[in-house]
1. Pick out the one residue from ALA244, ALA289 that is assigned by TED's automatic domain parsing to the domain that holds ILE222, surrounded by fewer than 20 Cβ atoms within 10 Å (Cβ to Cβ), under 20 Å from ASN214 (Cα atoms) and free of Cβ contacts under 8 Å to residues at least 12 places away in the same chain.
2. Give all pairs with beta carbons closer than 6 Å in which a residue from segment 292-318 that is among the charged types (D, E, K, R) meets a residue that is in a helix (DSSP H, G or I); count only pairs at least 6 apart in sequence or on separate chains.
3. So, ILE141, is that one under 21 Å from PHE11 (Cα atoms), touching a strand residue (DSSP E or B) at 6+ places or on another chain (Cβ under 8 Å) and at pLDDT 85 or above or not?
4. If you check GLY338, GLY261, which single one turns out to be free of Cβ contacts under 8 Å to residues at least 24 places away in the same chain and within 30 Å of ASP197 (Cα to Cα)?
5. Might you check whether a residue that is closer than 21 Å to GLN157 by Cβ and assigned by TED's automatic domain parsing to the domain that holds GLU317 occurs anywhere in segment 67-83?
6. With the checklist (1) over 13 Å from the mean Cα position of the chain (by Cα); (2) crowded, with 23+ Cβ neighbours inside 10 Å; (3) not in a helix (DSSP H, G or I) in hand, flag the one item GLY39 doesn't pass.
7. Taking the condition of a type in the set (D, E, K, R), outside the structural domain of PHE72 (by TED's automatic domain parsing) and either over 25 Å from LEU20 (Cβ atoms) or surrounded by 15 or more Cβ atoms within 10 Å (Cβ to Cβ) (or both), does ARG227 pass?
8. Does any residue of segment 19-30 turn out to be surrounded by 14 or more Cβ atoms within 10 Å (Cβ to Cβ), among the basic types (Lys, Arg) and touching a strand residue (DSSP E or B) at 6+ places or on another chain (Cβ under 8 Å)?
Amino acid sequence: MTETSFAPRVFSGMQPSGNLHLGNYLGALKPFVEWQGKGVETVYCMVDLHAITVWQDPADLRRSTREMCAGFIAAGLDPEKSILINQSQVPEHAQLGWIFNCVARMGWMGRMTQWKDKAGKNAENASLGLFGYPALMAADILVYHATHVPVGEDQKQHLELTRDIAAKFNHDYGVDFFPMTEPVIEGAATRVMSLRDGSKKMSKSDVSDASRINMTDDADTIARKIRKAKTDPDALPSEAEGLAGRAEARNLVSIYAALNGQSIDAALSEVGGLQFGAFKPMLADVAVARLSPISSEMSRLMADTGEIDRILMRGAERARAITAPILKQTYEIVGMVGPTP
């Protein structure tokens, strides 16, 4: 088996299921923008095919896809520097997904934590797509020969599965065709927790809107939610070890550090000793300064969805220049009959 050299390329995607929030920004969008400036080719995707593993209202799906694209751009992603796509416009994702359905094993899928969490006791009524979507996720990544994927901690298992699928494909066909993609988990707030319960991840599905800061919230709303965020009665420590057992305190300090581009220790050297009555206004000021411009720009972009659609169409054209040759080679390796080059 010959050794293949893979050029660095970053891919990551998010489900367009509505309500981008602070956790999405700090855990995904902010790192996406940082990768864009590292001189590496970057591809970012609204994974609308994944979204329909559970039923979506078509009008809501269209709106959420465009709103997510607006959020990507407002956060700093440049459609000329990064390739921005919605998954369904690049059919090679789904085509390679079928090949990987035939490579992946049922046992692998059944062990996926998110399958167990989402299907639960109702697994018999869950869609086949929900069970098998990790194979499509692997295809999303490997159809670009992506070498790095910025992900949240809860997605590490999916990246491990992607590597398993790549390794099995390469082994089964005696090739070194797909790379061993590396997950990249970085930053002070890769897992942002609820403002109302520091033991739960910030989520758009939480019934309490006060539990999260939405990327569409205005300055007053952001400040109010931070002011009302759950805390404890003790002052902030001067070192990260002092946050042990203080979930809400750790969450707010992590958010402050991430918004400022600091480590948690660096943030605590600045705010250690403060009571929350003094710290929360500081956090609110930073959050408003970082997020309000994004909210305003998203509103402006959503006023002209035709421009968003043109950006996604152009992104799909650029993406297919990468994915079509890789899929063609995959088909040739597998033994599919096609046009002679």
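1. Residue meeting the stated conditions: ALA289.
2. GLU297/ALA74
3. Yes.
4. GLY261
5. Within segment 67-83, none of the residues are closer than 21 Å to GLN157 by Cβ and assigned by TED's automatic domain parsing to the domain that holds GLU317.
6. (2)
7. So ARG227 fails the test.
8. no
The values are calculated or read from the model by the stated rules, or taken from the named source; none is laboratory data. Owing to the predicted nature of the structure, the values given are computational and were not obtained by experimental measurement. Methodologically, a virtual Cβ is constructed for each residue, glycine included, from the backbone with ideal geometry; neighbour enumeration extends over all protein chains shown.
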